[in-house]
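Nothing in this text is a laboratory measurement; each read-out follows from the coordinates by a stated rule. Keep in mind it's a predicted model, so treat the numbers as computed, not measured. So basically every Cβ, Gly included, is an ideal-geometry build from the backbone, and we count neighbours across all protein chains shown.
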Amino acid sequence: MSEQILQAIAAIEAQARAAAAAAASLEALQAIERDALGKSGQLSQILRGLKDLDDAGRKSVGQAGNVAKRQVEAALAARKSALESAAIAAALAGERIDPTEPAPRRAVGHEHPVKTVMRELEELFDSMGFTVVDGPEIETDFFNFEALNIPPHHPARDTQDTFYAEGGAVLRTHTSGMQVRAMRNLGAPLRVVAPGRVFRNETQDASHEHTFHQLEGLVVDEGISVAHLKAVLDELLARLFGERVATRLRPHHFPFVEPGLELDFQCRLCMGKGCATCKQSGWIELCGCGMVHPKVLQAGNVDPERFTGFAFGLGIDRLTMMRHAISDIRWVMSGDLRFLGQF
Ligand code: DAH
């Protein structure tokens, strides 16, 4: 009787161990464990017959059952750890990094189109012997207005309304204040350009923004005339467009220059015939300019009896818009990625 039971135990053990060794998953191992060793598994059922055996049989079958149980458990544990190692190895293989693989294309930022034009202008003026200077965006009333011959109740202040801070500071309405700062800092003779951000209290529309960019130019030396002014701006346009461009000077009032002028260049789209871009005039305005007013030279501690100078103020956003055919200035500072992504 107990012989038969011992054989059955050996068979269960052999079968369970073979199955464990071949199991392909942790679930399969659990099923084998349940079938062989579980509460109503094969081994338990056989051991239920122990009560019918005599003492000696009970002892030998009991021991054999325990040994078989431990053997099967050991086989299951060994296979379990092998399966887990294989799973880890497979996961690692899937995550392996190939350093020779090209990097995935990711969206990276780039220079803003206004910044590109600004940088190109700086390089261009640098090559003409100008120094690039930087100034504060929050400016004193003195440098922004008064030193430029714009006293407190001058009507020119109406066209350049801005944001006023306590203590008389303003968000600068133009880069022209840098004329006086540069003369005070560097003295005459000098050639400087001052690019930067400027602000106005404007009602926004397609051609007006509260925040935009200018580049101020200033040359002071003995014997400087309007001819020098025109030569420099003609050269600027020739380099910007890659060929000579026709220009004209028109009188215009600015309190800080005398004479005050505006420089137009011939429309590049219609070559002067008249089109929508130049509003049928054949000309496009480039900048305000003129000969520096003696009072402004004086404010810069420069002797107007000895030195003369010219100045100009370029609108950088306008140049950028012309370059890329941007029809509405509000896009420029919008920070809208649908716009910026196009450059
Ligand atoms: N600051 C003027 C503006 O923002 C532009 C300007 C006009 C600058 C004449 C100049 C100049 O240097 O000479 O409207």
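Before moving on, here are some points about what is shown:
- In a DSSP loop and with at most 14 other Cβ atoms within 10 Å, the trypsin sites (Lys or Arg not before Pro) in the range 1-90 are K39.
- Cβ-Cβ FRET estimate between C275 and R306, R0 fixed at 45 Å, reported to 0.05: 0.45
- Estimated inter-spin distance, D54 and T203, nm [label 7 Å along Cα→Cβ]: 11.9 nm
- Sequence of I138, I32 once ranked by neighbouring C-beta atoms within 10 Å, starting from the fewest: I138, I32
- Label-point gap, in nm, between E123 and H154 - each point 7 angstrom along Cα→Cβ: 3.7 nm
- When GluC sites (Glu not before Pro) are flagged only if DSSP places them in a loop and at most 14 other Cβ atoms lie within 10 Å, the longest unflagged stretch of the chain comes out as 1-94.
- Against the chain, whose longest principal axis is taken from its Cα atoms, helix 113-127 shows a tilt of about 50°.
- Evaluated at q = 0.09, 0.12, 0.15, 0.20 Å⁻¹, the base-10 log of the normalised Debye intensity for the range 1-143, with identical point scatterers placed on the Cα atoms, takes the values -0.54, -0.72, -0.86, -1.14.
- Listed by chain and number, the lysines whose C-alpha is less than 18 Å from the C-alpha of K39, apart from same-chain residues fewer than 8 away, are K51, K69.
- When V180, V132 are arranged by Cβ crowding within 10 Å, least crowded first, meaning fewest neighbours, the order is V132, V180.
- Degrees between helix 2-22 axis and first principal axis of the chain (Cα, 0 to 90, nearest 10): 20 degrees
- The long axis of helix 55-94 is offset from the longest Cα principal axis of the chain by roughly 20 degrees.
- Among the chymotrypsin sites (Phe, Trp or Tyr not before Pro) found in the range 161-245, those both in a DSSP coil and sparsely packed, with 16 or fewer other Cβ atoms within 10 Å of their Cβ, are F163.
- Residues considered: I284, I46, I97. Largest GNM mean-square fluctuation over the chain, using C-alpha springs under 10 Å, is found at I46.
- Cβ-based exposure ranking for D158, D336, D141, in which fewest neighbours within 10 Å come first: D158, D336, D141
- Bins of 20 Å, starting at 0 and running to the largest distance - Cα pair percent for the chain: 23, 31, 8, 9, 16, 12, 1
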